[in-house]
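The values are calculated or read from the model by the stated rules, or taken from the named source; none is laboratory data. Being a predicted model, the structure only gives us computed values, none of them experimental. Neighbour counts run over all protein chains shown; Cβ positions are idealised from the backbone, glycine included. Just so you know, the surface numbers come from the protein's heavy atoms only, side chains and all, with ligands and any DNA or RNA stripped out. Shrake-Rupley method; radii C 1.70, N 1.55, O 1.52, S 1.80 Å.
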Amino acid sequence: MQQWVAEIAYESAGGPQKVVESFYLPTEDDVRTEVMRKGGYVLSIRAHKRSPIERILARSTWWQVQLLRGIMFRSTSVSSPGVALWKIIEAENNPMRQNILAPAREALSRGLGVIDALKALNIFDYGTLAILAGSEKANKLQEGIPHAIHSITQKKKNARAIMGTMGWLGFDVVTIVQSLFWGKDMVLGWFNDNRPTDAAKQAEYDHVVANLSLTWDILIYLSFTIGGFMAWAIFSFYMNKGKADWPTARIVRKIPLIGGYLRDLGFSDSMMAASRMLKGHVPINNALEQASESTSSPEVSRYWQEANDDLERGIGLGNALDRAPLTRSERMELASLSDLDQVATILESIAEMRTSSAKTKHSLIVWLAFALTGVFLFIAFGSAIYALTVMNMSMDSMMGGLIEGAL
């Protein structure tokens, strides 16, 4: 499903009238069919694209929390959360926010549910949508919204902690790199202008200076490369928030520790959503299917899909869920499953273990970043001390030449 903006001509008593309308449909052909059904003629169709400012506002935590709180508060006085969302959209008078909410308005006008409307906004991550969808399936969306808000704010705190640590470490590295970058030509130029006069020491001196230049070049280019990749990855994740997969995410998932951290978060969100749905007496096949759609991690999504396929073939639930990439302890819990009522409790327990594992990996990422930064700074300072040694060699040679000339 996607939002389309169509320029349409309608016949009227005063002649053809041209209007612009938005549609939330899968393809352009569906838009043309809908326009023909309404008696219009399509002049042009284009996919709706938000401006950069709209994308930044829509993906902000503040905007997401305010929208969910509005639905929660209004749904206490109206018939359903869908009606609450519709009233929020109708009451909005800011053109920019109206444009952001347009896909949800279109989805609701076509009879889709509140979860489909929130998905159409393309602003929430898969974990948040999993909590909301699980609560909606169990007819307890009002109770699930506070959990979704807590998840959003907790992820913001985690991201803020990582960004704060990385920012401080990055400042240290950038400071050293700037010193190397701006001082390299001056220092190496001085070395080249003050080579030892002793022919026996010139070869050793040139070799030392060449190694120093190579070391500084490696540090400078490596730091610029890593810094550029980090900036690109952060920007890409922010701008592609809500998408299932994209090239940057695939690259980041291949980084061992970070890939495991994202996988743990995916299992934590999807397991908790599945547990909440089962506690709300949602059919098991629907719960597994919804869980597979509640994560942006292909590995986690594939786990739920394969489990659902095995369940449809008549395999027991415990054996269907007992598969990789779950850990040995998690699989042992599922293998001992004997009562369907235990499933929700076990899934909730696994979600808590995955949350704990994600926190551990988060700490490891931070400490590893400190360690790698320390190694980088050690090499940078070591090379600087090495430069002083070379400079001392040149000064000794110059002083020796001056003394010989005086004698």
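Given only helices, namely DSSP H runs of n ≥ 4 each adding -39500 (n - 2.57), what is the per-residue ellipticity at 222 nm of the chain, to the nearest 500 deg cm²/dmol?
Mean residue ellipticity, 222 nm, calculated: -25500 deg cm²/dmol.
How large are Rg and Dmax for region 179-320 when only the alpha carbon atoms are used, in Å?
Just the Cα atoms of region 179-320 yield Rg and Dmax of 27.6, 88 Å.
Stretch residue 236-residue 206 to full length: gain in nm at 0.36 nm per residue minus the Cα-Cα span?
Answer, rounded to one decimal: 6.4 nm.
State in Å² the accessible area per residue of region 194-243; use a 1.4 Å probe, count heavy atoms of protein chains only, and round to the nearest integer.
Here the per-residue accessible area is 60 Å².
With the chain treated as a Gaussian network of Cα nodes joined by springs under 10 Å, which of 111, 316, 39 yields the largest mean-square fluctuation?
Taking springs between Cα atoms under 10 Å, the residue moving most is 39.
For region 310-361, state which trypsin sites (Lys or Arg not before Pro) are in a DSSP loop and have at most 10 other beta carbons lying within 10 Å of their beta carbon. Please list the in-between numbers first.
Details: sites: 313, 323, 328, 331, 354, 359, 361; in loops: 313, 323.
Counting only loop positions with at most 10 other Cβ atoms within 10 Å, the trypsin sites (Lys or Arg not before Pro) in region 310-361 are 313.
Would you mind checking the tilt of helix 126-137 against the longest principal axis of the Cα atoms of the chain, expressed as 0 to 90 degrees and rounded to 10?
Helix 126-137 and the main axis of the chain meet at about 20 degrees.
At a temperature of 37 °C and a viscosity of 0.692 mPa s, determine how fast region 266-368 diffuses translationally according to Stokes-Einstein, using the Kirkwood radius over alpha-carbon pairs as Rh; express D in µm²/s, rounded to the nearest whole number.
Translational D for this selection: 238 µm²/s.
Taking the Cα centre of the chain as origin, work out the dipole magnitude from +1 charges on Lys and Arg Cβ and -1 charges on Asp and Glu Cβ, in debye rounded to 20.
Using only the charged Cβ atoms, the result is roughly 1100 debye.
From largest to smallest, what semi-axes in whole angstrom does region 181-242 give when each is the square root of 5 times an eigenvalue of its alpha carbon gyration tensor?
Square roots of five times the eigenvalues give 41, 10, 4 Å.
In the chain, what percent of the accessible surface is made up of carbon and sulfur (1.4 Å probe, ligands and nucleic acids excluded)?
The nonpolar share, carbon plus sulfur, comes to 59 percent.
Using 14 Å as the cut-off for backbone N distance, which residues of region 349-378 belong to the label zone defined by a point 7 Å from the Cα of residue 257 along Cα→Cβ?
Answer for this model: 358-376.
Fully extended, how many nm does the chain gain between residue 11 and residue 29 (0.36 nm per residue separation, minus their Cα-Cα distance)?
On the way: separation 18, 0.36 × 18 = 6.48 nm, distance 2.13 nm.
Extra length available between residue 11 and residue 29 comes to 4.4 nm.
Any aspartates and glutamates with Cα under 17 Å of the residue 155 Cα? List them, leaving off those in the same chain fewer than 8 positions away.
List returned: 125, 264, 269, 352.
Say we join alpha carbon atoms closer than 10 Å with springs in a Gaussian network model of the chain; which of 335, 107, 307 then has the biggest fluctuation?
Most flexible of the set in this elastic network: 335.
Run down the lysines and flag those whose C-alpha is under 17 Å from the C-alpha of residue 279, throwing out any fewer than 8 positions away in its chain.
137, 140
Taking the alpha-carbon distance from residue 38 and a cut-off under 25 Å, which lysines remain once sequence neighbours fewer than 8 residues away in the same chain are dropped?
18, 49
Give me the extension gain from residue 44 to residue 381: residue separation times 0.36 nm, minus the current Cα-Cα distance, reported in nm with one decimal.
Once the chain is fully extended between residue 44 and residue 381, it gains 115.1 nm.
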